[in-house]
Every structure is written in structure tokens, then in C-alpha cells.
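Here is the structure we will look at.
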Amino acid sequence: MKRGKKAEAAEPASGDEDNETATPKKAKKGKEPEPPILYEDHPDVTAAADGRKANMKITSWNVDGLRAWVKKKGLEWVREEAPDVLCLQETKCNEKSLPAEITSMPEFPHKYWLSAEKDGYSGVAMLCKTEPINVTYGIGKEEHDKEGRVITAEFPAFFLVTTYVPNSGKGLVRLEYRKTWDADLQAYLLGLEESKPVVMCGDLNVAHQEIDLKNPKGNKKNAGFTVEEREAFTTLLAAGFTDSFRHRYPEQANAYSFWTYMMNSRSKNVGWRLDYFLLSEGLMPGLCDSKIRNQAMGSDHCPITLFLVV
């Protein structure tokens, strides 16, 4: 998600001027601002409903520039989290410019990178502890694939797809392109499902429901919360995918994964839930937990983590 393209709802004026008399009045004390409503990540659930223990842990993080994120000690958090697979979005870095700190990580012997044709733009990565059966890049459509947005890894029991969905842009200048992307991505995922179930993760650049952002009323015509984007997400779910976090925590409000850098939005928890793990129906019995690690710093997004039995 690009910064500065998400509007906060308008704040009421701090006070009204009184011009009816020339006699100055003592300023009234302004109402104390309400403390922010913060989200506290629930304790990890590492077993499925049938008692089976999770044997796959996947973390996804929009790092908003890989080189800067490494300097902000993002890798230290990753080592503590210790996922089996790490998926990254918005790396903004071609393979020749990758930081040695990440290319040499022994924790992930199998690393896959995809950058956009345009330098310093988009880009995704997938780092794995165990080698996938096969890895592919893009979704087979040149207009999308040149932007470096999708890596797919095939594992014995499922496909893992990490994606950085296009932002519709300021003034919705890319909304029509986004609609094409959404349809093509869904067709790609359904094609994969003909062989194996799918986990898709990443920055999907949409807050699906009003519960998924702080200020829904002020953002209905902004990128990430348009009717078109939300309906496309609903259509994807209707096609057989499940939003794992909302499945586990259907009524949980104030749980966000993105905060603009402006206006102290993160400290006030004025955010959006843009990052997801979507699961095919066949994988749902193995869902243990879907986490939002909102205490992890280093980007305007925080990481999310999935615990799964496969």
C-alpha cells in the first residue's frame, strides 16, 4: 500500500470562534481526546479443532522496501518468529541489489525473488526452509506479470501463492486495471485449485468490510474500499476461499495491518486490514490460527502469520 492515499475521517473542529462581542472570553478547555482503541494479538492457537498440531507456519509481510526494512531490523523479528515460509511484498528491489543480510540467511536455503520491470517498484519474494516441488512467477498475463506481483510455490499438499495486489491509486486512476487484475487473479487461483488446494497470502489492497478499517465512512471513494474492490473480494470468497482471520475472529474490530505514516496513524491505531491469508475450502479443517503481529515494526504494514496442518 502506498502512503498518503488513505483518508482519515474528518475530525470535528477543536472550537468555534465567538465574534458577537468585543469582550474576550476565557478559552474553554478542549475535550480530552479519547485514548486509541488498540488491538492485542490473541495467544497463538497451534492445533486444529480436531487436535492435530500445526506443521506449517507461514508469515507474510509487506516490507515497503526490502533494503530499508533490513536496516530497520526486520530480519531480527523474522528470526524470532521462525516461520517455515516467509513471503514478502513491495520489496522494491531487483535481484542484483538484494541485501547480503537476507540472501545469506541460512534459515531459508531456498529463496525466490521477482521484481518489476520498473526499478524500485512492487516486487515479491518467498523464502522457504524446505524446497518446494516447483516455483512459478506471475499468473501468465504479461500486462500483470511485468509488475512483479505473484510467486507460486507447489508443496506436496497445497499451492502457496504470495501476491502484492495493485493499488487503485489516488483518484482511482487504476481502478479499471484493478478490476481486470481481480478477475484474472481469481481465474488463476481456480486453475490451481483443479490440482491442489491453495493458500494465498499478501497485501491484497482491500479492506473487505467496514470492520476492517477505522474510518469506513470517509473512505468509500478511496482506493482499497471502493464498492468494486470489495465486491471482487466477496466474489473470490464465494468461489471457495476463506478469509482465515475473519473466520477465526468474526467480530474482532480494531485489528489492522496497515497504517499510513501520516498523522501518527499507527500510534492512534487508525488503520486498515489489507493483508490476508485466504484458504481453499479443503484446507480449512487444518486451520489452527491466523495472526496479526501488530507489534512488529519496520514498515507501514505489520506481518501476519498462519498456523496450519497440512
When you look at residue 276, is it under 27 Å from residue 82 (Cα atoms) and at pLDDT 95 or above, yes or no?
-> yes
Can you find a residue in segment 244-256 that is in contact with a Leu (Cβ under 9 Å, 6 or more places away or on another chain), of a type in the set (D, E, K, R), open to solvent by 10 Å² or more (accessible area, probe 1.4 Å) and at pLDDT 95 or above?
-> yes
Failed criterion for residue 174 (all others in (1) open to solvent by 10 Å² or more (accessible area, probe 1.4 Å); (2) within 23 Å of residue 124 (Cα to Cα); (3) within 17 Å of the chain's Cα centre (by Cα); (4) of a type outside the set (S, T, N, Q) hold) = (3)
In this structure, is residue 96 exposed (fewer than 13 other Cβ atoms within 10 Å of the Cβ) and modelled with pLDDT under 95?
-> yes
Which members of segment 51-83 meet the condition of being closer than 30 Å to residue 285 by Cβ, charged (D, E, K, R) and open to solvent by less than 50 Å² (accessible area, probe 1.4 Å)?
-> 57, 81
For segment 203-249, name all the residues that are under 16 Å from residue 280 (Cβ atoms) and assigned to a strand (DSSP E or B).
-> 241, 242, 243
Working only within segment 27-70, note down all residues that are among the hydroxyl-bearing types (Ser, Thr, Tyr) and assigned to a loop (DSSP other than H, G, I, E, B).
-> 39, 46
Name the one entry in 133, 139 that is among the aliphatic types (A, V, I, L, M) and more than 21 Å from residue 184 (Cα to Cα).
-> 133
Those residues of segment 211-232 which are open to solvent by less than 10 Å² (accessible area, probe 1.4 Å) and of a type outside the set (Ser, Thr, Tyr), in sequence order = 212, 213, 219, 223, 224, 225, 229
Out of (1) farther than 17 Å from residue 203 by Cα; (2) within 18 Å of the chain's Cα centre (by Cα), the one residue 96 does not meet is (2)
For segment 136-150, does any single residue satisfy the condition of being touching a strand residue (DSSP E or B) at 6+ places or on another chain (Cβ under 6 Å), outside any helix (DSSP H, G or I) and charged (D, E, K, R)?
-> yes
Looking only at segment 109-121, decide whether some residue is outside any helix (DSSP H, G or I), in contact (Cβ under 8 Å) with a residue 24 or more places away in the chain and in contact with a Ser or Thr (Cβ under 6 Å, 6 or more places away or on another chain).
-> yes
Breaking point among (1) assigned to a loop (DSSP other than H, G, I, E, B); (2) out of contact with any Pro (no Cβ under 8 Å at 6 or more places or on another chain), for residue 171 | (1)
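The values are calculated or read from the model by the stated rules, or taken from the named source; none is laboratory data. A quick note: this is a predicted structure, and the numbers were derived from the prediction, not measured. Positions of Cβ are backbone-derived with ideal geometry, glycine not excepted, and every protein chain shown enters the neighbour counts. Note: accessible area is taken over every heavy atom of the protein model, side chains too, but ligands, DNA and RNA are not part of it. Shrake-Rupley method; radii C 1.70, N 1.55, O 1.52, S 1.80 Å.
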